[in-house]
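For reference, the structure is listed below as structure tokens.
The values are calculated or read from the model by the stated rules, or taken from the named source; none is laboratory data. This one's a predicted model, so the numbers in the text were calculated from it and none came from an experiment. Please note: Cβ atoms are built from the backbone with ideal geometry, for glycine as well, and neighbour counts cover all protein chains shown. The area values use the complete protein model at the heavy-atom level, side chains included, leaving out ligands, DNA and RNA. Shrake-Rupley method; radii C 1.70, N 1.55, O 1.52, S 1.80 Å.
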Amino acid sequence: MDTRTKKYKNLTEDLNKKLKEEKRNKRKKRFHKFLLIIIITISLVLIYARFIEPQFIITNEIKITSSNIDDTFHGLKILHFSDLHYGMTVDSNYMERLIKEINKLKPDIVLFTGDLIEDDYVLTNEEKNDLINYLSQINYIYGKYAIVGNHDYFNENYEEIMEKSNFNLLRNSYDIIYKEDNSILIFGSDDAIYSEPVFDILNDEEAKNTNYKIIMIHEPDIVEDLVYNYDVSLVVAGHSHNKQVNIPFIKPFWLPYLAEKYYEGYYNINNTPIYISNGLGTSTVKFRFLSFPSMNFYRITKP
């Protein structure tokens, strides 16, 4: 091999090495860019899920048509909220915004389906008085009703706060709202995790004579026993947070006990509408993703 041929071969080999090195460097750069995009995207999602989405207050306006509603209650407006878990993402500032939004709707009846304060969160006296003050400001025509959620069951402040806020706390009991010769029943069950809901009182003569029956439960998975065995017009529940963290195309993996079968916003079981609130707060972790904090605003009308 002459000198010129050898020199040409060496140059070719060097060029090939450089080209291969450049390709490797380009692949590394693309990978690093891709990795950076992934890290930035995940960081933005986490920031959004921690600091932005939990601060939403969405109102779901829902029309319910029922032949059981009497003429005098046609157009009845019911505000249903749930699962504040005060001490997590809900604080006094959030409460102030929430009460303003509720009062804008001018509800006839207000229903709270449990979990006011997060487990293990110790209220200061100032926070306790703030909660009483805010909840007391909720305006209504016929009544404000509440039930006990699993986070409320052992909370020493819950009953006092609801009583001083003018909420009627129902524990396996009911109240009847009368207007002229017509009436609506509001029943509230006890918590199903630490206690036992008992619905037999719905067989009382007074309860049976009420055409429209609204049932408040905290944990939605107990609903079948209710709707298959008793005359019920509407069931409202909480507890599920509509999964709280929704990852598209992935089966729900973060469902609380007794919200593992029924956890989405609406079901119809045995011709009974079941509405499950998304809740307004967060529990366990301070994240919400594609599960906006919301309350339901029902209008009950005749066909």
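At-a-glance table
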item: Per-residue ³J(HN,Hα) for segment 161-178, Karplus 6.51 cos²θ - 1.76 cosθ + 1.60, θ = phi - 60°, Hz, x for Gly and Pro; result: 4, 5, 5, 6, 8, 6, 8, 8, 7, 9, 10, 6, 8, 9, 10, 10, 9, 9
item: Options 133, 105, 92, ranked by Cα towards positive dipole end of segment 82-146, top entry (Cβ charges); result: 105
item: Pairwise label distance in nanometres, residue 136 with residue 48, each label 7 Å out on the Cα-Cβ vector; result: 4.1
item: Segment 189-278: antiparallel DSSP beta bridges as a percent of all, rounded to 5; result: 40
item: Computed FRET value (nearest 0.05) for residue 160 with residue 290, which takes r as the C-beta separation and R₀ as 25 Å; result: 0.10
item: Fraction of antiparallel bridges per DSSP, the chain only, in percent to nearest 5; result: 35
item: Distance from segment 215-258 to segment 28-74 (C-alpha centre basis), Å; result: 19
item: Segment 273-303: trypsin sites (Lys or Arg not before Pro) falling in loop per DSSP and having at most 16 other Cβ within 10 Å; result: 286
item: Pairs from 213/261; 164/261; 144/243 whose Cα-Cα separation, in the structure shown, is over 29 Å; result: 164/261
item: Residue 36-residue 125 pseudo-label distance in nm [points 7 Å out on the Cα-to-Cβ vector]; result: 5.6
item: Charge context of residue 203, other residues only, Cβ under 13 angstrom, K/R +1, D/E -1; result: -3
item: Computed accessible area, residue 36, all protein chains, 1.4 angstrom probe, square angstrom; result: 100
item: At R0 = 30 Å, FRET efficiency that the Cβ-Cβ distance of residue 200 and residue 271 yields, to 0.05; result: 0.85
item: GNM top mover of 54, 248, 107 - the chain, alpha-carbon springs below 10 Å; result: 248
item: Counted charge near residue 291, where neighbours are those whose Cβ lies closer than 14 Å (Asp, Glu -1; Lys, Arg +1); result: +1
item: Whichever lysines have a C-alpha closer than 28 Å to that of residue 29, once near sequence neighbours (fewer than 8 apart) are set aside; result: 17, 18, 20
item: Stretchable slack from residue 171 to residue 28, in nm (0.36 nm times residue separation minus alpha-carbon distance); result: 45.1 nm
item: DSSP-assigned coil residues among chymotrypsin sites (Phe, Trp or Tyr not before Pro) in segment 237-279, each with at most 16 further Cβ atoms within 10 Å; result: 249, 253, 254, 257
item: Rounded FRET efficiency, nearest 0.05, which uses the C-beta distance separating residue 20 from residue 56 and R0 of 51 Å; result: 0.45
item: Computed [θ] at 222 nm, helices only, for the chain once each DSSP H run of length n ≥ 4 contributes -39500 (n - 2.57); result: -9500 deg cm²/dmol
item: Rounded accessible area of residue 200 (nearest 10 Å², 1.4 Å probe); result: 90
item: Length gained when the stretch residue 178-residue 63 is fully extended (0.36 nm per residue, less Cα-Cα span); result: 39.2 nm
